[in-house]
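Visitor: Let me begin by handing over the structure; questions about it come next.
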Amino acid sequence: MVTMNHVCIHVLDLSRSLTFYQNALGLTPQREMSMPDRGWELVFLGDGATDYQLELCRETRRTQPFVLGDDTPHVALVAQDFDALKAQHREMGLIFDELPGGIYFIRDPDGHILEILPPRL
C-alpha cells in the first residue's frame, strides 16, 4: 500500500507563486529546501488540515516561462467555504471555466490548472 504525500509543480518566480497560493487559496509554507547542486529551490505548501503538500520547484537557472503541453494535468482542491472562495476568485478574475454543479477552474501565474471542488459532490 502507498499513501499520497505531495505533488510538485515547477514555477518561474517563486515569490510570485507563493503570493498567489497564499492569497488565492490560503496555502502556507510548511518547509523549504535548497538543492544548489541541482539548481532547485523548493517550498512545500500545506493546508493546515492534511499532511498532503503542494511542492513549488523553482529552477534557479531558468529564465523563460514553462511551456505546458496539450495534456496539462491539474491539481484538484476542496474548498470548505466553497461559495465564499468562488466569489473571491470571481472578484479576482481567476475563474476561466465552470462545470454544472459549481465546480470551477483557475490558473496559477505559470498556467497550472487548479480545479476547485465543493466539500461534497
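Visitor: Is it the case, given these coordinates, that GLY69 is in contact with a strand residue (DSSP E or B) (Cβ under 9 Å, 6 or more places away or on another chain), free of Cβ contacts under 8 Å to residues at least 24 places away in the same chain, open to solvent by less than 60 Å² (accessible area, probe 1.4 Å) and not aliphatic (A, V, I, L, M)?
Guide: no
Visitor: Same structure again: Give the residues of region 89-115 that are open to solvent by less than 70 Å² (accessible area, probe 1.4 Å), over 15 Å from LEU54 (Cβ atoms) and out of contact with any strand residue (DSSP E or B) (no Cβ under 7 Å at 6 or more places or on another chain), sorted by residue number.
Guide: Step one: filter region 89-115 for residues open to solvent by less than 70 Å² (accessible area, probe 1.4 Å), giving 89, 93-95, 97, 102-106, 108-115.
With over 15 Å from LEU54 (Cβ atoms) added as a condition, the list becomes 89, 93-95, 97, 102-105, 111.
If the condition is that a residue be open to solvent by less than 70 Å² (accessible area, probe 1.4 Å), over 15 Å from LEU54 (Cβ atoms) and out of contact with any strand residue (DSSP E or B) (no Cβ under 7 Å at 6 or more places or on another chain), then GLY93, GLY102, GLY111 are the ones that fit.
Visitor: Another question about this same structure. Could you please let me know if ALA49 is hydrophobic (A, V, I, L, M, F, W, C) and open to solvent by 60 Å² or more (accessible area, probe 1.4 Å)? Walk me through it before giving the result.
Guide: Values: hydrophobic (A, V, I, L, M, F, W, C): yes; open to solvent by 60 Å² or more (accessible area, probe 1.4 Å): yes.
When the stated conditions are applied, ALA49 passes them.
Visitor: If you take the residues of region 11-46 that are free of Cβ contacts under 8 Å to residues at least 40 places away in the same chain, of a type in the set (A, V, I, L, M) and closer than 30 Å to ALA87 by Cα, which of them is surrounded by the fewest Cβ atoms within 10 Å (Cβ to Cβ)?
Guide: Residue satisfying both the conditions and the ranking: LEU18.
The values are calculated or read from the model by the stated rules, or taken from the named source; none is laboratory data. Keep in mind the model is a prediction, meaning the values are calculated, not measured. Methodologically, a virtual Cβ is constructed for each residue, glycine included, from the backbone with ideal geometry; neighbour enumeration extends over all protein chains shown. Accessible surface areas use protein heavy atoms only, side chains included; no ligands, DNA or RNA. Shrake-Rupley method; radii C 1.70, N 1.55, O 1.52, S 1.80 Å.
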